[in-house]
1. Kindly establish whether residue 175 is hydrophobic (A, V, I, L, M, F, W, C), farther than 23 Å from residue 3 by Cα and surrounded by fewer than 21 Cβ atoms within 10 Å (Cβ to Cβ).
2. Please state which one of 236, 206, 223 is on the phi > 0 side of the Ramachandran plot and at pLDDT 95 or above.
3. Considering the range 210-223 alone, what residues qualify as being more than 22 Å from residue 162 (Cβ to Cβ) and either surrounded by 22 or more Cβ atoms within 10 Å (Cβ to Cβ) or among the acidic types (Asp, Glu) (or both)?
4. Report every pair of residues separated by at least 6 positions or lying on different chains whose Cβ atoms are under 6 Å apart, first residue within the range 30-53 and closer than 15 Å to residue 116 by Cβ, second assigned to a loop (DSSP other than H, G, I, E, B) and near the ligand (Cβ under 10 Å from one of its atoms).
5. Going by the conditions given, is residue 303 over 21 Å from the mean Cα position of the chain (by Cα), surrounded by fewer than 22 Cβ atoms within 10 Å (Cβ to Cβ) and outside any helix (DSSP H, G or I)?
6. Enumerate the pairs (first residue in the range 135-154 and closer than 15 Å to residue 99 by Cβ; second residue anywhere and within 12 Å of the ligand (Cβ to nearest atom) and part of a loop (DSSP other than H, G, I, E, B)) with beta-carbon separation below 6 Å, excluding pairs fewer than 6 apart on the same chain, so at least 6 apart or on different chains.
7. Do we find a residue being at pLDDT 95 or above, more than 22 Å from residue 228 (Cα to Cα), surrounded by fewer than 18 Cβ atoms within 10 Å (Cβ to Cβ) and away from the ligand (no atom under 11 Å from the Cβ) anywhere in the range 15-23?
8. Condition test on residue 47, is it surrounded by 20 or more Cβ atoms within 10 Å (Cβ to Cβ), small (Gly, Ala, Ser) and within 11 Å of the ligand (Cβ to nearest atom)?
Amino acid sequence: MKACRREQTAFTPVWLMRQAGRYMKEYRDIRAKVSFLDLCKDPELCAEVAVTAQQRIGADAAILFSDLLLILEPLGFKLEYTEHKGPVINGRVASGDDVVRLPEVDPNESLSFVFEAVQKTRKALRPGMPLIGFSGAPFTLAAYVLEGGSSRVFDKTKKFMREEPLAWHALLDKIGRAVIPYLNGQIRAGADVVQLFDSWVGCLSGEEYREYVLPHTRKVIEGIRKGVPVIHFGTGTGPFLKEFSEAGGDVCGVDHRWPLDQAWRVIGHDRAVQGNLDPEILLGPVPQMREQVKKLLDLAARRPGHIFNLGHGVLPSTPVDNVIALIDLVHEMSASRQSL
Ligand code: CP3
């Protein structure tokens, strides 16, 4: 929490995106008994998964266990998580009329199980351990409904954006109007910080980002309850970090494709940053990890307001012992620097 506010800390705090996931045996054991979607809708199990992950690896925050795409169900889409293709969204948006037909979402009604998961997670964490709530950002959620699932090229998304600009803005506006009460509901339920994931926004240029995305993300961030830090994360944003950071957020997430010192200069030292170790480094060996942690801490230069994280999520093939070793390394190496 101090790092979000750019206050001095005794060591650099660290948590990892996807810290609760398939790389961890405890998670796989639960998933052997319940489907991913059923797990996301069981607040008790969500709390267990989130808290177990935080405690097992010794992270300095827990993240709500849920999924980015759940908010699409009350918007009228049917979700399926398949073993090989990843998520599939049935009921694609292909025209302006489709956008008009999307219902207004009241998360208090349709996503109350998420708020319950936040409450239960909060209760099960030790007092003072920050809990991060999250949502997809308007662009990434729109990309999912336009593509019908994950994509490599986002051709349908970009085509819709360019050919139907009015419908595009109406779609992002509608999603944004659902995301604001969704995040504020998580805060009311006990989230201390919220992270907006704009995971696929790196397929755009800075110019496109400014015109088609920035106003919508800014509106969401401005709608979040004052005093609660917002982490604004995207991948592939290196070439347009200036525009990306202008959308707001107390903390700007940076992926591993851009050097942290350069990124921080562009974002501005009056903002906190989160990142940005390459998730692949976690596959080992540990001496190399130590080198990379040192490099990253050097780039952060003991400036207050650095939250250590990966540039993207933990890979499923990551050995859990390496994750534990990483967290220990960050704590040890940053603490010794603070006392220099
Ligand atoms: O530990 C955490 O970070 C909290 C939990 C979390 C999950 N998804 C669990 C999950 C969070 C924060 C997310 C966000 C999410 N979901 C994002 C944004 C983060 C990012 O990676 O950029 C995205 C794009 C999604 C959509 C999504 N969910 C995809 C593309 C997939 C399939 C890919 C995969 O890794 O299987 C999911 C499934 C998913 N979400 C899993 C988990 C643990 C794996 C499901 C399983 O158990 O099989």
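The values are calculated or read from the model by the stated rules, or taken from the named source; none is laboratory data. Here the structure is a predicted model, which means the values were calculated and not measured. Counting neighbours? That spans all protein chains shown, and the Cβs are built from the backbone with ideal geometry, glycine included.
1. Values: hydrophobic (A, V, I, L, M, F, W, C): yes; farther than 23 Å from residue 3 by Cα: yes; surrounded by fewer than 21 Cβ atoms within 10 Å (Cβ to Cβ): no.
Taking the combined requirement at face value, the residue does not satisfy it.
2. Answer to the check: 236.
3. Correct list: 220, 222.
4. Every condition considered, the pairs that remain are 40/66; 40/67; 46/65; 49/20; 49/65; 50/20; 50/65.
5. In short, yes.
6. 143/200
7. no
8. no
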